[in-house]
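The values are calculated or read from the model by the stated rules, or taken from the named source; none is laboratory data. Treat the numbers as computed from the prediction; the structure is a model and nothing was measured. Here the Cβ positions follow ideal geometry from the backbone for every residue, glycine too, while neighbour counts run over all protein chains shown. Quick note on the areas: whole protein, heavy atoms, side chains included, nothing else; ligands and nucleic acids left out. Shrake-Rupley method; radii C 1.70, N 1.55, O 1.52, S 1.80 Å.
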Amino acid sequence: MKQIINPKLRVIRDEVLECTKCPLYKTRIYPVIGQGNHQAEIVFVAEAPGANENKTGRPFCGQAGKVLDELLASVNIKREDIYITNILKCRPPKNRNPLQSEIDACTPYLIRQLKIIQPKVICCLGNFSSRFVMELFGLSDMYKGISRIHGQTFQGEYEGQKVAIIPLYHPAVASYNQNMIGVLKNDLMILGQLVN
Ligand code: URA
Ligand code: SF4
């Protein structure tokens, strides 16, 4: 499939490569800006780069990426069909949780990415991403922690942009809890039904 490059996403890439808006720039090797189809109907929003992603600048290139690929394969979706990004573009030291100040500094990039790509569906991986995306799309009242809302579909709207939002557990949890892969696959079936 021929990739159509969106120049507005390239502008964001160039800004992020030079970004110093929060202290995480000091310890990053490469930021992870996002990867995939610039015209994707489905965008995955995860948390932040890990050690492997920090070394390559590519999202989900490590262990959690293997889990993600297995999940996508289970619903017949290819990475090239979707776009994957994070709420934080640079790695927090030792993969600690994102700070609110970092989320505030970095998410204007994500908001711009979502406005450009205009996905129909956003899959949020993990608590921080689910909370941020649901709040952005006017669903603060529905956000009740990932263990209570995972696998449900919410209809959100932000500045006229309507999307279906599906909060999911972060695939990294499946690397230390094998039962989780079953939960994740089951939750993802809803996405398979929406798009296939
Ligand atoms: N975990 C994330 O949240 N994002 C990545 O890009 C990789 C691992
Ligand atoms: Fe900039 Fe985001 Fe990296 Fe912070 S995490 S330096 S805001 S790109």
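Condition first: of a type in the set (D, E, K, R) and more than 16 Å from ligand 2 (Cβ to nearest atom). Now tell me which residues in region 106-127 satisfy that.
The initial filter retains those residues of region 106-127 that are of a type in the set (D, E, K, R), namely 112, 115, 120.
Lys115, Lys120, listed by residue number.
Could you tell me whether region 121-133 includes any residue that is open to solvent by less than 20 Å² (accessible area, probe 1.4 Å), out of contact with any Asp or Glu (no Cβ under 8 Å at 6 or more places or on another chain) and aliphatic (A, V, I, L, M)?
To start, the set of residues in region 121-133 that are open to solvent by less than 20 Å² (accessible area, probe 1.4 Å) comprises 121-126, 129-130, 133.
From what's left, out of contact with any Asp or Glu (no Cβ under 8 Å at 6 or more places or on another chain): 122-124, 130, 133.
Now restrict to residues that are aliphatic (A, V, I, L, M): 122, 133.
Looking for residues that are open to solvent by less than 20 Å² (accessible area, probe 1.4 Å), out of contact with any Asp or Glu (no Cβ under 8 Å at 6 or more places or on another chain) and aliphatic (A, V, I, L, M), one finds at least one in region 121-133, hence yes.
Just a yes or no: is a residue in region 19-29 more than 8 Å from ligand 2 (Cβ to nearest atom), within 19 Å of the chain's Cα centre (by Cα) and open to solvent by 10 Å² or more (accessible area, probe 1.4 Å)?
no
Quick check on region 30-47: of everything there that is more than 11 Å from ligand 1 (Cβ to nearest atom) and open to solvent by less than 60 Å² (accessible area, probe 1.4 Å), which residue is nearest to Arg96 (Cα to Cα)?
Val43
Please determine whether any residue of region 4-16 is within 15 Å of Pro108 (Cα to Cα), within 15 Å of ligand 2 (Cβ to nearest atom) and touching a Leu at 6+ places or on another chain (Cβ under 9 Å).
Checked region 4-16: no residue is within 15 Å of Pro108 (Cα to Cα), within 15 Å of ligand 2 (Cβ to nearest atom) and touching a Leu at 6+ places or on another chain (Cβ under 9 Å).
I'd like to know if region 49-57 contains one or more residues that are more than 10 Å from ligand 1 (Cβ to nearest atom), open to solvent by less than 10 Å² (accessible area, probe 1.4 Å) and within 19 Å of Ile33 (Cα to Cα).
Taking every residue of region 49-57 in turn, none turns out to be more than 10 Å from ligand 1 (Cβ to nearest atom), open to solvent by less than 10 Å² (accessible area, probe 1.4 Å) and within 19 Å of Ile33 (Cα to Cα).
Specify which of the listed residues (Lys115, Lys185) is away from ligand 1 (no atom under 16 Å from the Cβ), under 18 Å from Ala46 (Cβ atoms) and either in a loop (DSSP other than H, G, I, E, B) or of a type in the set (Lys, Arg) (or both).
On the way: Lys115 fails: under 18 Å from Ala46 (Cβ atoms).
Going through Lys115, Lys185 in turn, the sole match is Lys185.
In this structure, is Phe60 away from ligand 2 (no atom under 11 Å from the Cβ) and closer than 16 Å to Tyr109 by Cα?
Against the criterion (away from ligand 2 (no atom under 11 Å from the Cβ) and closer than 16 Å to Tyr109 by Cα), Phe60 does not qualify.
Being within 16 Å of Asp81 (Cα to Cα) and outside any loop (DSSP other than H, G, I, E, B) is the filter here; which residues of region 118-139 pass it?
Here is the first cut: in region 118-139, the ones within 16 Å of Asp81 (Cα to Cα) are 118-123.
Selection gives Val121, Ile122, Cys123.
Could you please give the count of residues in region 44-79 that are farther than 19 Å from Ala172 by Cβ and assigned to a strand (DSSP E or B)?
Selection size over region 44-79: 0.
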